[in-house]
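**Q** Here it is, the structure in full.
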Amino acid sequence: MTSGPECRARRVLTESPADLLLERLADELGRSYRITDVDLFQVDYRLSVLLPLGGGDPLTGPGHPAWRCYDHQQPVLADGAGWFPVGMRGERRGVLRLAPVPEDRTAVDELTRIATALGHELAAVTAGTDVYRASRRARRLTLAAEMQWELLPGRSRDRPSFRLAGQLEPAYAVRGDSFDWSDDGTRLWLSAINGTGEGVAASMLTALATHALRNARRGGLALADQVALADQAVYALHRGEQHLSALVMELDLATGVLTAVDAGSPRLVLLRDGEVSEQVLDKQFPLGMFEGTDYQHQSFELRRGDRLFVLSDGVIDATGQHVRYGETALDRFLRRTGPMTPMDAVRSLIGDLRAFVAGDLVDDAVVVCLDWTGPQE
């Protein structure tokens, strides 16, 4: 393996300048596999189009081989070309188009792993170059949206005991809604913020709360104390004149016990055995409303196969033709997401909301989907 074509391609990726990953990879694939056409298509912020890195026509049709590859996260061979999923640890970044593709199954497997290695390298270099971020947008982001997207940990994550995905809307103009997550192999922390205010001011308030929660979490504080620290940080700056709602959770990956603190939060909805129910939590004061709020946590146990949705009020309150989306339509739609992956469930719900309002959502909405698949080995 030290001198095989797959190993050489991986080495090229790790040694290439950040802005030349695709060019250097294309050169190596041409030498090793006689591939002459290499294109990277990244999914945009709305999860609705695949955009070529070097410019050109976006791919929008759901039946296109590129979208079949993206949706199923499997290579698709069609019309002499191969489409390979590009991502890392469950985070879907896009697809790699290669042509002509060798018919040899071993070569296809190697190219699939090379596309995954490209996903890892993209994640590693993106912080240091704008090449890939700038190519992911179908139109310009507002400043507030730019700040919100930079705040996120990603849009999806897979581990042996859970699968996770989230999305913000309106993607190119989101203001205050956000989510965050982290895991250390034994616990998963997940938070969702239902922001308030307009424009950059809303993004700044959400960023303050998010960084305060991260600071407390990384300092080893208990869940309720994490929320209390974020509450104090917001209150210290705004003295109660600005506040925001949050739901903060911690999942024990060995037992499935979920601990939650509801600070005037987004809704928590459970899909279990095909039935939808709201997980009722004790609503406490939003972050920053009062000085020295004493937050309390509560816990409940998830069953293997449970799915949780975290939904901000922008989902239920979405309005089309003077009619509210509402809980009945939401419950009916969530029930249909059972067979989908979390990312597909999130995309489908957002797509249904866009169709309902006949365009982009006016109010911010955050959707997060968490599947509990059982304790880790």
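**Q** For segment 198-267, what is the convex hull volume of the alpha-carbon atoms per residue, in Å³? Let's see the in-between values first.
**A** On the way: hull volume 6.8 nm³, N = 70.
Expressed per residue, the convex hull around the Cα atoms of segment 198-267 is 97 Å³.
**Q** Kindly provide the helix-only [θ] at 222 nm of the chain, computed as the sum of -39,500 (n - 2.57) over DSSP H runs of four or more divided by all residues, to the nearest 500 deg cm²/dmol? Intermediate results must be reported in sequence, preceding the final value.
**A** Numbers: 11 runs with 133 residues, N = 377.
Counting only the DSSP helices, I get -11000 deg cm²/dmol.
**Q** Do any trypsin sites (Lys or Arg not before Pro) in segment 217-273 lie in a loop, going by DSSP, with at most 15 other beta-carbon atoms within 10 Å of their beta carbon, and if so which?
**A** Details: sites: 217, 218, 239, 267, 272; in loops: 239.
Here the sparse-neighbourhood loop sites are 239.
**Q** To continue, here is another question. Report, as a whole number in µm² per second, the diffusion coefficient that Stokes-Einstein gives for segment 143-372 at 4 °C and 1.567 mPa s using the Kirkwood radius over alpha carbon pairs. Don't skip to the end; give the middle numbers.
**A** Working: Rh = 17.5 Å.
In µm²/s, the coefficient is 74.
**Q** I've got another one for you. Lys and Arg at +1, Asp and Glu at -1: add these up for the other residues within a Cβ distance under 13 Å of residue 252 and post the number. Write out the running numbers ahead of the final one.
**A** On the way: positive: 187; negative: 183, 184, 250, 301.
Summing Lys/Arg as +1 and Asp/Glu as -1 gives -3.
**Q** Right, next: Given the C-alpha atoms of segment 109-216, compute the convex hull and give its volume per residue in Å³.
**A** Expressed per residue, the convex hull around the Cα atoms of segment 109-216 is 134 Å³.
**Q** Okay, next question. When Lys and Arg each count +1 and Asp and Glu each count -1, what net charge do the other residues less than 14 Å away from residue 292, Cβ to Cβ, add up to?
**A** -3
**Q** Under the Kirkwood approximation applied to all pairs of distinct alpha-carbon atoms, what is the hydrodynamic radius of segment 5-134 in Å? Spell out each step's value before the answer.
**A** On the way: mean 1/r = 0.0689 Å⁻¹.
Every distinct Cα pair counted, the radius reaches 14.5 Å.
**Q** Residue by residue through segment 88-104, what is 3J(HN,Hα) from phi via Karplus (6.51 cos²θ - 1.76 cosθ + 1.60, θ = phi - 60°)? Round to whole Hz and write x for glycine and proline.
**A** Here the 3J(HN,Hα) series is 7, 6, x, 7, 8, 9, x, 9, 10, 9, 10, 7, x, 9, x, 7, 5 Hz.
**Q** To the nearest 10 degrees, how steeply does helix 5-15 sit against the main Cα axis of the chain, on a 0 to 90 scale?
**A** Here the helix axis deviates by roughly 50 degrees.
**Q** Then there's this: Could you tally the net charge around residue 158, taking each other residue with its Cβ under 9 Å from the Cβ of residue 158, Lys/Arg +1 and Asp/Glu -1? Numbers along the way, then the final one.
**A** Working: positive: 89, 157, 159, 163; negative: 91.
So the surrounding residues net to +3.
**Q** Follow-up. Mind checking the full-extension length gain between residue 126 and residue 237? Use 0.36 nm per residue of separation minus the Cα-Cα distance, one decimal, nm.
**A** Details: separation 111, 0.36 × 111 = 39.96 nm, distance 3.21 nm.
Additional length available on full extension: 36.8 nm.
**Q** Return one number: the angle in degrees, 0 to 90 and rounded to the nearest 10, between the long axis of the Cα atoms of helix 105-125 and the longest principal axis of the Cα atoms of the chain.
**A** So the inclination is approximately 50 degrees.
**Q** Okay, next question. Enter the angle in degrees (range 0 to 90, nearest 10) between the Cα long axis of helix 199-218 and the first principal axis of the Cα atoms of the chain, meaning the one along which they spread out most.
**A** 90
**Q** A further question on this structure: Let me see the pair-distance distribution of segment 253-377: every alpha carbon pair, 10 Å bin width, integer percents in order.
**A** Here the calculated profile for segment 253-377 is 12, 39, 33, 15, 2, 0.
No value in this document is a laboratory result; all are computed from the given coordinates. Source: prediction; values computed, not measured. Every residue, glycine as well, gets a Cβ built from its backbone with ideal geometry; the counts of neighbours run over all protein chains shown.
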